[in-house]
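Working notes, structure below.
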């Protein structure tokens, strides 16, 4: 009875917080877009204050050109939002987009993504995280997990079980069984949406396969696929290649319709 009493309010909240992603997937959403926008702006401004951004006008103009082409095909309200692009003083190949209209591209990304199509792969992927509200979903998943662990620990206390041990076990189970799989799902969803947006914007969707193969060839220590927050490189390239073939008519039509970006550094 006590256990049900602890979980009933949590179950009610979870059921009322379900929404649907752009690909039709059910999502838990316990925070608002306004809250996430503020979090994104705060995080970006913190990076600015810490001197993370570098004065690189050529790289910034190039990344802004690619970003604008992609943003023009995003669904509302993101296609009319004011976006700011900054170059991050970091030699690793990475980029990010934040709720609130902020984009950061590491200096190292320009060494790997050596044309506009490959850069569009990365920026389309990151913008898709924002459009699909993945940040809010991750915050919500963590909130729900913490609440469930607290309820389970409290129940264990009523049964005479070591609550510290139970909390640790529940926490690990939640991470492997819930949070990491959702992260892999989000990454795959961002791949799907990002490739779609780049084709609609007039960027060659086949560049996605080339870029992820290049990233995979960089080597380095990689976690097992089942504990990774990203799909394995081989699976990712295969999925992107299949979708690229399906998106070629979209890309060709976009170019004919005037979506023909010409971004250069």
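For the reader, a short list of remarks on this structure follows.
- Inter-residue pairs, beta-carbon under 6 Å, first touching a residue at least 12 places away in the same chain (Cβ under 8 Å) and on the phi > 0 side of the Ramachandran plot and in the stretch 32-56, second in a helix (DSSP H, G or I) and surrounded by fewer than 12 Cβ atoms within 10 Å (Cβ to Cβ), 6+ apart: none
- Residue among 69, 56, 63 that is closer than 19 Å to residue 200 by Cα, crowded, with 18+ Cβ neighbours inside 10 Å and touching a strand residue (DSSP E or B) at 6+ places or on another chain (Cβ under 6 Å): 63
- Once the stretch 34-62 is narrowed to residues that are assigned to a helix (DSSP H, G or I) and in contact with a helix residue (DSSP H, G or I) (Cβ under 7 Å, 6 or more places away or on another chain), the residue that is farthest from residue 137 (Cα to Cα) is 59.
- Take the conditions (1) touching a strand residue (DSSP E or B) at 6+ places or on another chain (Cβ under 6 Å); (2) more than 19 Å from residue 197 (Cβ to Cβ); (3) crowded, with 17+ Cβ neighbours inside 10 Å; residue 97 misses just one of them, which is (2).
- Being assigned to a helix (DSSP H, G or I), buried (at least 17 other Cβ atoms within 10 Å of the Cβ) and either in contact with a strand residue (DSSP E or B) (Cβ under 6 Å, 6 or more places away or on another chain) or modelled with pLDDT under 85 (or both) is a property that residue 196 lacks.
- Among residues that are outside any helix (DSSP H, G or I), modelled with pLDDT under 80, out of contact with any helix residue (DSSP H, G or I) (no Cβ under 8 Å at 6 or more places or on another chain) and surrounded by fewer than 19 Cβ atoms within 10 Å (Cβ to Cβ), residue 219 is included.
A quick yes/no check of all residues on (1) over 20 Å from residue 41 (Cα atoms); (2) crowded, with 20+ Cβ neighbours inside 10 Å; (3) under 14 Å from the mean Cα position of the chain (by Cα):
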site: 91; (1), (2), (3): yes, no, no
site: 102; (1), (2), (3): no, yes, yes
site: 117; (1), (2), (3): yes, yes, no
site: 122; (1), (2), (3): yes, yes, yes
site: 129; (1), (2), (3): no, yes, yes
site: 138; (1), (2), (3): no, no, yes
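- The test for being modelled with pLDDT under 95, over 21 Å from residue 192 (Cα atoms), out of contact with any strand residue (DSSP E or B) (no Cβ under 9 Å at 6 or more places or on another chain) and assigned to a helix (DSSP H, G or I) holds for residue 150.
- The stretch 242-261: number of residues that are part of a loop (DSSP other than H, G, I, E, B) and under 26 Å from the mean Cα position of the chain (by Cα): 3
- Breaking point among (1) in a helix (DSSP H, G or I); (2) at pLDDT below 75; (3) surrounded by 17 or more Cβ atoms within 10 Å (Cβ to Cβ), for residue 30: (1)
The values are calculated or read from the model by the stated rules, or taken from the named source; none is laboratory data. In this text, all values refer to a predicted model and were calculated from it rather than measured experimentally. Cβ atoms come from the backbone with ideal geometry, glycine included; neighbour counts cover every protein chain shown.
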